[in-house]
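Taking it in order: structure first as structure tokens, then the write-up.
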Amino acid sequence: MIAYLGLFAAAFVAATLLPMQSEAVLGTLAYRGGHPLPLLWAVATAGNVLGSVLNYGLGRWLARFEGRRWFPASPEQIRRAEDWYRRWGRWSLLASWLPLVGDPLTVVAGMLRERLGLFLLLVTLAKGGRYVAVIWIATGWN
């Protein structure tokens, strides 16, 4: 049970703007064996998607403070992120698994009030797909 809680926590934190490496935790658990791979996948995916939902909610909440002096992003950074999101649209959420850009992308989706249901679908596909690849690699392509 501790392994699953640790995996969930690592995946959750990894999806936020805080630095964390969930792939290493999942890969190690999958490589060592002793845990059903579908359950490891489900726990990691659930934690990572819920972390992205936290980002989404943070984006929706923070949007009301845009333009204030203490706001964590400059107007230029916000404009660039919004332009990128509008250019690629909601489908850009399929890149939410990428390092560096994926987590801020989920915040921007919240700021731009993307529909939550579609957000969940696209982010789950992206992050779940990444974890399938991690398990596949960790278990020797079997």
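A few comments on the model shown:
- From 80, 90, 69, residue being open to solvent by 70 Å² or more (accessible area, probe 1.4 Å), in contact with a Leu (Cβ under 9 Å, 6 or more places away or on another chain) and either part of a helix (DSSP H, G or I) or more than 13 Å from residue 108 (Cα to Cα) (or both): 90
- Which listed residue, of 53, 49, 43, 25, is among the hydrophobic types (A, V, I, L, M, F, W, C), in contact with a Lys or Arg (Cβ under 9 Å, 6 or more places away or on another chain) and assigned to a helix (DSSP H, G or I): 49
- Residue match in segment 119-134 (condition: among the polar types (S, T, N, Q), under 10 Å from the mean Cα position of the chain (by Cα) and at pLDDT 95 or above): yes
- Set 97, 141, 136: member being without any contact (Cβ under 8 Å) to a residue 24 or more places away in the chain, aromatic (Phe, Trp, Tyr) and under 17 Å from residue 22 (Cβ atoms): 136
- Set 60, 113: member being open to solvent by 40 Å² or more (accessible area, probe 1.4 Å) and assigned to a helix (DSSP H, G or I): 60
- Leading residue by the ranking (nearest to residue 45 (Cα to Cα)) among those in segment 116-142 that are open to solvent by 20 Å² or more (accessible area, probe 1.4 Å) and aromatic (Phe, Trp, Tyr): 136
- Being more than 11 Å from the chain's Cα centre (by Cα), without any contact (Cβ under 8 Å) to a residue 12 or more places away in the chain and open to solvent by 30 Å² or more (accessible area, probe 1.4 Å) is a property that holds for residue 36.
- Residues satisfying the stated conditions in segment 102-142, i.e. aliphatic (A, V, I, L, M) and within 30 Å of residue 32 (Cβ to Cβ): 123, 125, 126, 132, 133, 134, 135, 137, 138
- For segment 15-22, the count of residues that are in a helix (DSSP H, G or I), among the β-branched types (Val, Ile, Thr), within 16 Å of the chain's Cα centre (by Cα) and surrounded by 11 or more Cβ atoms within 10 Å (Cβ to Cβ) is zero.
- Which numbered condition residue 31 fails, given (1) surrounded by 12 or more Cβ atoms within 10 Å (Cβ to Cβ); (2) of a type in the set (Phe, Trp, Tyr); (3) over 23 Å from residue 141 (Cα atoms): (3)
The values are calculated or read from the model by the stated rules, or taken from the named source; none is laboratory data. Since we're looking at a predicted model, the values are computed, not measured. No Cβ is skipped: glycine too gets one built from the backbone with ideal geometry, and neighbour counts run over all protein chains shown. Accessible surface is based on the protein model in full, side chains and every heavy atom, while ligands, DNA and RNA are left aside. Shrake-Rupley method; radii C 1.70, N 1.55, O 1.52, S 1.80 Å.
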